[in-house]
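First comes the structure, then the notes that go with it.
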Amino acid sequence: MKTSTTPVDIQKAATSKIENTDFNNLAFGQVFTDHMMICDYKDGAWQTPKIQPYGPLEMDPSARVFHYGQAVFEGMKAFKDEEDQIWLFRPEDNFERINKSSERLAIPAFPKEFFFAGLEELLKLDKDWIKKGFGNSLYIRPFVIATEAGVSAAPAKEYKFMIICSPAQAYYSGEVRVKFSEEYSRAADGGVGFAKAAGNYAAQFYPTNLAKDEGFQQIIWTDANTHEYLEEAGTMNIFFRVGDKLITAPTSDRILDGVTRKSIIALAKEFNIDLEVRRVSVKEIVEAAKSGDLKEIFGSGTATVINPIVGFGHAGKKYDLPKLEDSYAGFFKDKLTKIQYNQAADKFNWRYQVK
Ligand SMILES: Cc1ncc(COP(=O)(O)O)c(C=O)c1O
């Protein structure tokens, strides 16, 4: 799985943009590093991975991705510890998930050796873009797009697998209030909800804009059939704390199997926190909010790690959550980030060193 066994064609950037980058004022996902990884699929095979200077692509306007959305992506992060060592967090899970997403979109699987060889070479070249210090990281965006020209509605025979990277600071999105969806749906049984398919995200923009007009930042999607069960947020899985019990919905073909979510579940077991993985009904959460038993709601995902939610809306009513000193959100964020930054023992073997 190391680069020595897999050739990567490297073309270095003539100059670096790093001196002109203000690392203290980074808007999420706006600035990209000097290089990108790119690998073409043609004639039935993935070709040699390449690393080249970050820059625009030239594509035929009829390429399938523009018309039929045959595209999937991933989100992961690299961290630098105090000794300048570079770490990834559970990268094999992201690798497996992108191929799971690809399979559902009829995109050929990407070889594991190419993924790790390309990613590691890219990170080594752009290592100065990964800043030390808690909260700093490099957001990594692998993605696959169908590039074959022609507007016939069929899977392409040509693709590009790419990785681009963007330096990130600690993510703070302000106070987040969520709306429990009563009308729109994100995913349906037998659909693509479990995949990181580009179209899943586009389809959320309009309902999320409507929710924003009502004073909510995000939507918690409910099951498409009844809207009675809470599933996940736009880019986060979701946890509810009722009393001292944590509850989160089981993954399914409608819900993304989040790496952060499953890490929280493992940590909850380790620290004997009562956690149930089961369907979570809107009714029980509204009742718990009314009785005062609802202590926390938080989202989990790579970009934010843990995102506490301050209130929710449902059926025209708004509910506020208490501000806790000893929140589970804070507890899990501390445990997870210490593992990510190599500041705590890695009992589960989640860290992966890039060297
Ligand atoms: C729909 C959705 N749910 C959940 C998550 C959280 O997953 P992870 O923890 O692997 O980042 C993401 C982000 O990747 C997402 O897009």
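The values are calculated or read from the model by the stated rules, or taken from the named source; none is laboratory data. What you are looking at is a predicted structure, and each value in this text was computed from that prediction instead of being measured. As a convention, Cβ positions derive from the backbone with ideal geometry for all residues, glycine included, and neighbour counts pool all protein chains shown. Heavy atoms of the whole protein, side chains included, go into the accessibility calculation; ligands, DNA and RNA do not. Shrake-Rupley method; radii C 1.70, N 1.55, O 1.52, S 1.80 Å.
Overview of results
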{"item": "Pairs, first within 14 Å of residue 220 (Cα to Cα) in the stretch 308-323, second part of a loop (DSSP other than H, G, I, E, B) and aliphatic (A, V, I, L, M), C-beta under 7 Å, six or more apart", "result": "309/321; 310/321; 311/321"}
{"item": "Pair list, Cβ under 6 Å, 6 or more apart: the stretch 17-41 residue more than 15 Å from residue 164 (Cβ to Cβ), other residue open to solvent by less than 50 Å² (accessible area, probe 1.4 Å) and among the aromatic types (Phe, Trp, Tyr)", "result": "41/159"}
{"item": "The one condition in (1) free of Cβ contacts under 8 Å to residues at least 60 places away in the same chain; (2) of a type outside the set (A, V, I, L, M, F, W, C); (3) within 16 Å of the ligand (Cβ to nearest atom) that residue 132 fails to fulfil", "result": "(3)"}
{"item": "Any pair with Cβ under 7 angstrom, 6 or more apart, that starts in the stretch 70-94 at a residue that is over 20 Å from residue 169 (Cα atoms) and ends at one that is of a type in the set (D, E, K, R) and within 11 Å of the ligand (Cβ to nearest atom)", "result": "72/196; 73/141; 73/196; 94/74"}
{"item": "Filter result for residue 329 (of a type in the set (A, V, I, L, M), within 15 Å of the ligand (Cβ to nearest atom), part of a loop (DSSP other than H, G, I, E, B) and under 24 Å from residue 94 (Cβ atoms))", "result": "no"}
{"item": "Check on residue 71, surrounded by fewer than 20 Cβ atoms within 10 Å (Cβ to Cβ) and more than 30 Å from residue 344 (Cα to Cα)", "result": "no"}
{"item": "Subset tally (residues that are buried (at least 17 other Cβ atoms within 10 Å of the Cβ) and over 20 Å from the mean Cα position of the chain (by Cα)) for the stretch 22-37", "result": "2"}
{"item": "Residue list for the stretch 141-182, restricted to those being at pLDDT 95 or above and charged (D, E, K, R)", "result": "141, 148, 157, 158, 160, 177, 179, 182"}
{"item": "Selected residue (only one of 125, 138 is away from the ligand (no atom under 16 Å from the Cβ) and either at pLDDT 95 or above or assigned by TED's automatic domain parsing to the domain that holds residue 215 (or both))", "result": "125"}
{"item": "Leading residue by the ranking (nearest to the chain's Cα centre (by Cα)) among those in the stretch 221-255 that are surrounded by fewer than 23 Cβ atoms within 10 Å (Cβ to Cβ) and within 9 Å of the ligand (Cβ to nearest atom)", "result": "235"}
{"item": "Count - residues of the stretch 108-132 that are open to solvent by less than 20 Å² (accessible area, probe 1.4 Å) and outside any helix (DSSP H, G or I)", "result": "3"}
